[in-house]
Amino acid sequence: MTALWILIAVVALVVVSIIGIYNGLVRKRILTQEAWSQIDVQLKRRYDLIPNLVETVKGYAAHEKQTLERVIQARNQAMAAGGGVGEKAQAENILSGALRQLFALSENYPDLKANQNFSQLQEELASTENRIAFARQHYNAAAAEYNNAREKFPNNMLAGSFGFAKQEYFELEEPLQRQTPKVEF
């Protein structure tokens, strides 16, 4: 009789452990998904600002049509990018490069640089870029915590069985962004 109670206690302990592991992985996966949604919110804000910025620049730099079209094309591709982290990150890196070209263009037009509307839009976009960077950092931290939890023993034995897939990181792919900037006086 005592052996039966011990067996029941061991089985109950195993079941409770499996439930705890499962719930922990679910919680971490939800936190990762929430962090990804924060990136989406900031990217939407960025997409909304870009057309206003391009319209402001058009009046000053009409013959820079190619640069402006590249920015709009990159924005549209970023908006259309699939839900996968890698695909979205690649599209966002292309958009960031196009925006850098647009801001570099403003250096050639002093009137544009002095335009209050352009300055305000540029400042809002810079603020949004900072928010995106923070959201990326938060997402990557949540993804790392989730991936770490799903790879630990005994979680790793259950993670595959219950469909807990590894999360991708939102990484920079442009080699220039990884280099340390040179400061010369």
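The values are calculated or read from the model by the stated rules, or taken from the named source; none is laboratory data. Since the structure is predicted, the reported quantities are computational estimates derived from the model, not experimental observations. Cβ atoms come from the backbone with ideal geometry, glycine included; neighbour counts cover every protein chain shown.
For every residue, the table says whether it meets (1) modelled with pLDDT under 85; (2) within 20 Å of ARG131 (Cα to Cα).
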residue	(1), (2)
MET1	yes, no
ILE19	no, no
GLY24	no, no
LYS44	no, yes
Go through segment 128-149 and give me each residue that's closer than 17 Å to SER96 by Cβ and among the polar types (S, T, N, Q).
-> THR128, ASN130, GLN137, ASN140
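I need a count of the residues in segment 120-156 that are aromatic (Phe, Trp, Tyr), free of Cβ contacts under 8 Å to residues at least 12 places away in the same chain and assigned to a helix (DSSP H, G or I). Steps first, please.
Initial filter on segment 120-156 (aromatic (Phe, Trp, Tyr)): 134, 139, 146, 153.
From the residues that got through so far, the ones that are free of Cβ contacts under 8 Å to residues at least 12 places away in the same chain too are 134, 153.
Filter once more, keeping what is assigned to a helix (DSSP H, G or I): 134.
Count: 1.
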Could you count how many residues in segment 14-53 are farther than 15 Å from PHE164 by Cα and either in contact with a Leu (Cβ under 7 Å, 6 or more places away or on another chain) or touching a residue at least 60 places away in the same chain (Cβ under 8 Å) (or both)?
-> 15
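Any residue at all in segment 56-74 that's within 30 Å of ALA144 (Cα to Cα) and over 13 Å from the mean Cα position of the chain (by Cα)? I'd like the intermediate steps shown before the answer.
Residues of segment 56-74 that are within 30 Å of ALA144 (Cα to Cα), as a first pass: 74.
From what's left, over 13 Å from the mean Cα position of the chain (by Cα): 74.
The answer is yes; a qualifying residue exists.
With within 25 Å of the chain's Cα centre (by Cα) and surrounded by fewer than 19 Cβ atoms within 10 Å (Cβ to Cβ) as the only criterion, which of PHE153, PHE162, PHE134 stands out?
Working: PHE153 fails: within 25 Å of the chain's Cα centre (by Cα); PHE162 fails: within 25 Å of the chain's Cα centre (by Cα).
It is PHE134.
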